[in-house]
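Peer 1: The structure under discussion is supplied below as structure tokens; questions concerning it will follow.
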Amino acid sequence: MNLKLLFVFGPNLNLLGEREKAFYGTMSYDQLVNKITDEAKKRGITAEFFQSNHEGEIIDIIQQKRKEIDGIIINPGAFTHYSVAIRDTLSAVRCPTIEVHISNIYAREEFRRHSITAPVCWGQISGLGWMGYI
């Protein structure tokens, strides 16, 4: 069985390794994609990646890929806390989805402690660094 997962990364995740290293570590976005790809291959999983700083592009890719994938791993970035549109898209496509955050959003600023997207996901992984994606 070859599962196909879509990994969706929201705003500023393209700057991993450069921004706020105390929260997000030193691994670059490209290095993260390579780690996930390697692990996926070991498990017989096809991993597809998409990163955007634009809410509409994230919605578009989820809608476009909904019938081609078996699941979504999403780090909506800041959209986690206020994008009703991404939440509604995840709910509408009914694709098994896991929300992942590199940092522990519950140990950070108050505004980061609430996810409006998590309730329409199967689960959430937060605070395990890049290993949360594995």
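The values are calculated or read from the model by the stated rules, or taken from the named source; none is laboratory data. Owing to the predicted nature of the structure, the values given are computational and were not obtained by experimental measurement. Backbone-built Cβ (ideal geometry, glycine too); neighbour counts: all protein chains shown. The area values use the complete protein model at the heavy-atom level, side chains included, leaving out ligands, DNA and RNA. Shrake-Rupley method; radii C 1.70, N 1.55, O 1.52, S 1.80 Å.
Peer 1: In the range 1-70, what trypsin sites (Lys or Arg not before Pro) fall in a loop by DSSP, with at most 12 other Cβ atoms inside 10 Å?
Peer 2: Loop-located and lightly packed - ARG19, ARG43, LYS67.
Peer 1: Still on this structure, please answer the following. Cα-Cα pairs above 26 Å in the chain: how many percent?
Peer 2: Of the Cα pairs, 15 percent sit more than 26 Å apart.
Peer 1: What relative contact order, as a whole-number percentage, does the chain give when Cα pairs under 8 Å and 6 or more residues apart are counted?
Peer 2: Once normalised by length, the contact order is 27 percent.
Peer 1: Ordering VAL120, VAL100, VAL84 from largest to smallest accessible area (1.4 angstrom probe), what's the sequence?
Peer 2: I get VAL84, VAL120, VAL100, largest accessible area first.
Peer 1: What net charge do the residues around GLY17 carry, taking every other residue with its C-beta under 13 Å from that of GLY17, with Lys and Arg at +1 and Asp and Glu at -1?
Peer 2: So the environment of GLY17 carries a net charge of 0.
Peer 1: Within the chain, how many Lys pairs sit with Cα atoms under 27 Å apart, leaving out pairs fewer than 8 places apart on the same chain?
Peer 2: For the chain, the number of qualifying lysine pairs is 12.
Peer 1: Which net charge results when you count Lys and Arg as +1 and Asp and Glu as -1 among the other residues whose beta-carbon is under 12 Å from that of TYR106?
Peer 2: It works out to a net charge of +1.
Peer 1: Quick one: what do you get for the range 12-60 if you divide its Cα Rg by 2.2 N^0.38 Å?
Peer 2: 1.31
Peer 1: Continuing with the same structure: If amide hydrogens are placed 1.01 Å from N in the peptide plane, which non-local residues have theirs closer than 5 Å to the one on LYS4?
Peer 2: THR46, ASP70, GLY71
Peer 1: With +1 on the Cβ of every Lys and Arg and -1 on the Cβ of every Asp and Glu, and nothing else charged, how large is the dipole of the range 1-131 about its Cα centre, in debye rounded to the nearest 20?
Peer 2: Computed about the Cα centre, the dipole is about 340 debye.
Peer 1: Sticking with this one: How charged is the neighbourhood of ILE58? Take every other residue with its Cβ under 15 Å from the Cβ of ILE58, and add Lys/Arg as +1 and Asp/Glu as -1.
Peer 2: Around ILE58, the charge tally is -3.
Peer 1: While we're on this one: Hey, got the dipole for the range 65-134? About the Cα centre, +1 on K and R Cβ, -1 on D and E Cβ, debye to the nearest 20?
Peer 2: 120
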